[in-house]
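Structure first, then comments.
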Amino acid sequence: MNEQPTLAQLAKTLGAQLRLAQDASADQVPVGLNTLQDACENEVSFLASANYRRFLAGTRACAVLVTEELAVSCPVTALVVANPYHAFALATAIYDKTPQYAAGVDASASVHPSAEVDSTAYIGPGAVIEAHARVAERAVIGAGCVVGEGSEIGARSRLFPNVVIYHGCFIGADCSVHSNTVIGADGFGFAPNQGQWTKIHQLGGVEIADEVEIGACTCIDRGALGNTVIGRGVKIDNMVQIAHNVQIGDYTAMAACSAVAGSAVIGKHCTIAGGAGIVGHVTIADRSHVTARSLVTKSIDEAGSYSSGTPFSDSRSWRRNAVRFGQLDQMARRLSELEKAFATSLGQVANNTPQGDME
């Protein structure tokens, strides 16, 4: 939507029921979105969590996205929807101010003669499109990006400035890849031999399906043999490491600073929270949730929530417990010796007890 909508138009676009406050007008044109506590009289807000309900009565927003249950408590115009957070997400697309570009190739860009760039695509300043690469219709290749030899960028996908796509990679339609992300670098593969390392050349590529979003400064390595595969609708945050031959199922989401080692398989509709780690060659079942800072060291066969690590505590308690962690092996050995000694003493008692006393 090029022009900002009126409240009536916004309600129609979001599938919301418009309930005007006294003296409010359906023709009012909001200028943007904001939180309940910070919104001005010409902004729209939303209430999606009970934690923020206390801000509803005092909001200055011109309208609020709310459920039917909370609409009666809304002091301003209510946009009644079943899922306010989802409606808010849809509304952000209306007010998004990300720059848009007309089709064309900037004079400073370098496009190899054998590359195929659709006439509706945009190639930004200093971008490089290498031999036999393909950029599909309405794709946007930002300033300083590199699309390597033989790689493909799908329709309407966008590479933000300074993204690097190595050779032999495929990115589907309607994807977003944010700045300084690298897709298709070599996986970490080296064979030890006589105290040295022999490089295992990575012969595969990277295959990314449609509707994938990848945050800034993320690395997705190419496969050693075969491809690293990212499924449809996957969302990957900033600074995530995905190693060679990893497979991630459709609509899985991974938060910042998480990392996946080689050949791990993550199912569909999973969530991997911030800072979590997944070792190589394990499988994670569909609809599994791995909590923040957890380390997955074995396969997860059933959907559920999984955690590992030391619980948060005050520093004094943590230091005492940390000392005891180092004593666990010694304590386990002592316990084992005590159990053996106790079992031996029971046997001696039994042997020394007259039969009549045992009845």
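The values are calculated or read from the model by the stated rules, or taken from the named source; none is laboratory data. Remember, it's a predicted structure, so these values are computed and weren't measured experimentally. Because the Cβ atoms are built from the backbone with ideal geometry, glycine has one as well, and the counts that use them run over all protein chains shown. With ligands, DNA and RNA removed, areas are computed over all heavy atoms of the protein, side chains included. Shrake-Rupley method; radii C 1.70, N 1.55, O 1.52, S 1.80 Å.
Results, tabulated for the structure shown:
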read-out: From phi via Karplus (6.51, -1.76, 1.60), per-residue ³J(HN,Hα) for the range 68-76 in Hz, x at Gly/Pro; value: 4, 4, 8, 4, 5, 8, 7, x, 10
read-out: Helix-only mean residue ellipticity at 222 nm for the chain, each DSSP H run of n ≥ 4 adding -39500 (n - 2.57), per residue, nearest 500; value: -5500 deg cm²/dmol
read-out: Heavy-atom accessible area ranking, 1.4 Å probe, most first, across Glu43, Glu68; value: Glu68, Glu43
read-out: Cβ-based charge dipole, the range 180-323, positive-most Cα from Thr181, Ser307, Thr252; value: Ser307
read-out: Sequence-distant lysines (8 or more away, or on other chains) whose Cα lies within less than 30 Å of Lys268; value: Lys235, Lys298
read-out: Kyte-Doolittle at least -0.5, axis length at least 30 Å by Cα - qualifying DSSP helices, the chain; value: 328-352
read-out: Solvent-accessible area per residue for the range 161-282 (1.4 angstrom probe, square angstrom); value: 41
read-out: Rh (Kirkwood; distinct C-alpha pairs) - the range 205-359, Å; value: 18.6
read-out: Carbon/sulfur fraction of accessible area - the range 174-327, other protein chains in place, 1.4 Å, %; value: 54
read-out: For the chain, share of DSSP beta bridges that run antiparallel, in % to the nearest 5; value: 10
read-out: Hz values of 3J(HN,Hα) by residue in the range 106-122 - Karplus curve (6.51, -1.76, 1.60), Gly and Pro given as x; value: 4, 4, 8, 6, 10, 10, 5, x, 8, 6, 10, 10, 4, 5, 8, 7, 10
read-out: In sequence order, calculated HN-Hα J values of the range 289-298 (Karplus, 6.51, -1.76, 1.60; Hz; x Gly/Pro); value: 10, 9, 6, 4, 6, 7, 10, 8, 10, 8
read-out: Total formal charge among the other residues, if their Cβ is under 12 angstrom from that of Tyr122, Lys/Arg +1 and Asp/Glu -1; value: 0
read-out: Under-5 Å amide H pairs with Gly104, H placed in peptide plane, nonlocal only; value: Ala121, Tyr122, Ile123
read-out: Radius ratio Rg over Rh of the range 48-206, counting only Cα atoms, Kirkwood formula for Rh; value: 1.22
read-out: Hydrodynamic radius of the chain per Kirkwood, over alpha carbon pairs, in Å; value: 24.8
read-out: Rounded accessible area of Ile236 (nearest 10 Å², 1.4 Å probe); value: 10
